[in-house]
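S.K.: I am attaching a structure below and will ask some questions about it afterwards.
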Amino acid sequence: MAVQKGAEKWKTKQWFDVYAPKAISTEVIGSIPAADEKSVTGRIMKVSLNWITHNPNHAFATVGLKITQANGNVANTEIDYLAQQYSYLHSLVKRRADAVYTYDVIRDKDGGSVILKLLVTTRIKITQRLKSEIRKAVREFATEFVGRMNRDDLLKALVANDLQSEAMKKFGKIAPIAKIEIRKVEF
């Protein structure tokens with residue numbers, strides 16, 4: 001019986017346990033095969049946030065974990081992005097309501113760049129002027145919110161929905177807001 005050509009190559013690979021960032025969790029989230037430690041570094045794993053936090057409210061959020069270093073059979077990661085699924089975001093926009101999309105590039109406390117994309121849904125149709133006011137208020141709020149935190153604190157706040165709860169209090173005065181959700185955060 002013939003042996004497949006790729007079988008020998010597969011047997012030489014070693015498995016690396018991938019750990020979540022310490023800001024979210026300290027447990028193993030998976031294992032990946034690689035030929036050596038150098039080939040593991042730089043890979044991005046796409047995982048459901050629910051898988052890491054064990055919170056069913058995070059079922060529609062996906063996290064891109066970038067492997068930063070590998071020692072022995074352990075691979076450490078950091079967050080590359082955090083995104084909501086399109087189907088979930090699409091379900092938030094109701095008939096006779098509006099959606100306001102924002103895109104902001106902000107500096108955190110350590111000087112790192114954070115791209116923050118939000119979705120603000122309203123309860124009723126609003127004018128273009130009110131949409132502009134909401135975008136301006138979101139930009140000011142996000143700059144202040146992200147500017148006072150480093151990367152780990154920001155990640156903890158986003159997972160705990162602190163940004164959304166604080167924003168709901170501030171933007172309700174401009175127009176009747178139904179929900180504020182994070183579309184995507186890129187670090």
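Each reported figure results from applying straightforward, stated rules to the coordinates on display, with no laboratory input. Predicted, not measured: the structure shown is a model, and the values here were computed from it. Heads up, the Cβs are rebuilt from the backbone with ideal geometry, glycines too, and the neighbour counts pull from every protein chain shown.
S.K.: Counting alpha carbon pairs within less than 8 Å and at least 6 residues apart, what relative contact order, in whole percent, applies to the range 12-84? Mind showing how you got there, number by number?
M.R.: Values: 162 pairs, mean separation 23.7, N = 73.
Value for the range 12-84: 32 percent.
S.K.: Here's something else I'd like to know. Cross-link list 22/94; 46/94; 22/125: which exceed 31 angstrom alpha carbon to alpha carbon? Please list the in-between numbers first.
M.R.: Details: 22/94 37 Å; 46/94 29 Å; 22/125 42 Å.
Violating the 31 Å limit, Cα to Cα: 22/94; 22/125.
S.K.: Here's a follow-up. In nm, to one decimal, how far is the residue 101 label point from the residue 10 one, both placed 7 Å along Cα→Cβ?
M.R.: 4.1 nm
S.K.: Let me ask another. At 222 nm, what value in deg cm²/dmol follows for the chain if DSSP H runs of at least 4 each add -39500 (n - 2.57) and the sum is divided by all its residues, to the nearest 500? Write out the running numbers ahead of the final one.
M.R.: Details: 7 runs with 63 residues, N = 187.
It lands at -9500 deg cm²/dmol.
S.K.: Separate question: Roughly what would the spin-label model give for residue 88 and residue 168, points 7 Å off Cα along C-beta, in nm?
M.R.: Here the answer is 1.5 nm between the modelled labels.
S.K.: Moving on to the next point. Angle between the Cα long axis of helix 162-171 and the longest principal axis of the chain, 0 to 90 degrees, nearest 10?
M.R.: It works out to around 20 degrees.
S.K.: Please list, or write none, the aspartates and glutamates whose alpha carbon is within less than 15 Å of the alpha carbon of residue 179, excluding same-chain residues fewer than 8 places away.
M.R.: Candidates past the 8-residue exclusion: 98, 162, 166.
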